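*Asks:* Dropping the structure in here first, questions after.
The values are calculated or read from the model by the stated rules, or taken from the named source; none is laboratory data. Not measured: the values here are computed from a predicted model. Here Cβ is always computed from backbone atoms with ideal geometry, including for glycine, and neighbour counts include all displayed protein chains. In case anyone asks, the SASA skips ligands and DNA or RNA and just uses the protein heavy atoms, side chains included. Shrake-Rupley method; radii C 1.70, N 1.55, O 1.52, S 1.80 Å.
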Amino acid sequence: MKKIFFSIILLVVLILAIVLVGISDKNRKNNEISKFNTQFEKYNKETLYGTDILSIINKAIDNNEQYAIEKNQDGFYIENDTNSVKVEITLLTTDEDGKPKEVVHQMEELEKAGLDEFISIFNLTAFEFSKIEYNSQNRVSKIYVKQLEL
């Protein structure tokens, strides 16, 4: 009788330990995701400038390199649903009639053109987050930034 009682107690303790480890692991992952998202979300709801955009792009590129996100034949990161981050920037220009026109650029295009040149041109230009998308793990996956003025 004692063996059965101790076996049941041991089984309950083992199950409890497994559940607690699972909960702890889930909390750790949630904290990591929250910390990751905060580095991008802190820019939301405020006016950004060229240097802020550069910081966001560099964080996204660093993340993609850290997780070895593959690039397509054109040099653009291939989005996945786990850990890739993309930044899309909408810049304002004027067309031949002098009317404002929006031109969308991927972060990779700006990187190829030279981020130093981007800073020299857009250093004091105002931008804002227009949208943030999250993947299935609730991790930031795509950021849309828009120039506010010409």
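*Asks:* Exactly one of (1) at pLDDT below 90; (2) surrounded by 10 or more Cβ atoms within 10 Å (Cβ to Cβ); (3) part of a loop (DSSP other than H, G, I, E, B) is unmet by ILE9. Its number?
*Replies:* Going through (1) at pLDDT below 90; (2) surrounded by 10 or more Cβ atoms within 10 Å (Cβ to Cβ); (3) part of a loop (DSSP other than H, G, I, E, B) one by one, ILE9 breaks only (3).
*Asks:* Next up: Against the definition (of a type in the set (Asp, Glu), outside any strand (DSSP E or B) and at pLDDT below 90), how does GLU46 come out, yes or no?
*Replies:* Yes.
*Asks:* In the range 131-150, which residue that is under 16 Å from LYS45 (Cα atoms) and exposed (fewer than 15 other Cβ atoms within 10 Å of the Cβ) is modelled with the lowest pLDDT?
*Replies:* The extreme case among them is LEU148.
*Asks:* If you don't mind, there's one more thing I want to ask. Of the numbered conditions (1) modelled with pLDDT of 90 or more; (2) open to solvent by less than 80 Å² (accessible area, probe 1.4 Å); (3) not in a helix (DSSP H, G or I), ALA17 fails exactly one; give the number of that condition.
*Replies:* Result: ALA17 passes all but (3).
*Asks:* Are any residues in the range 52-94 surrounded by 12 or more Cβ atoms within 10 Å (Cβ to Cβ) and more than 16 Å from the chain's Cα centre (by Cα), and if so, which ones?
*Replies:* THR90, LEU91, LEU92, listed by residue number.
*Asks:* What residue, of ILE33, ILE4, is among the aliphatic types (A, V, I, L, M), out of contact with any His (no Cβ under 7 Å at 6 or more places or on another chain) and under 28 Å from ILE132 (Cα atoms)?
*Replies:* Details: ILE4 fails: under 28 Å from ILE132 (Cα atoms).
After ruling out the rest, the residue left standing is ILE33.
*Asks:* Could you please let me know if LYS112 is assigned to a strand (DSSP E or B) and open to solvent by 40 Å² or more (accessible area, probe 1.4 Å)?
*Replies:* Values: assigned to a strand (DSSP E or B): no; open to solvent by 40 Å² or more (accessible area, probe 1.4 Å): yes.
So LYS112 does not fit the description; no.
*Asks:* Could you please tell me which pairs satisfy a Cβ distance under 7 Å, a separation of 6+ or placement on different chains, a first residue in the range 74-99 that is under 19 Å from ILE121 (Cα atoms), and a second residue that is among the polar types (S, T, N, Q)?
*Replies:* Here the result reads GLU88/GLN106; THR90/GLN147; LEU91/GLN147; LEU92/GLN147, each pair linking the range 74-99 to a residue that is among the polar types (S, T, N, Q).
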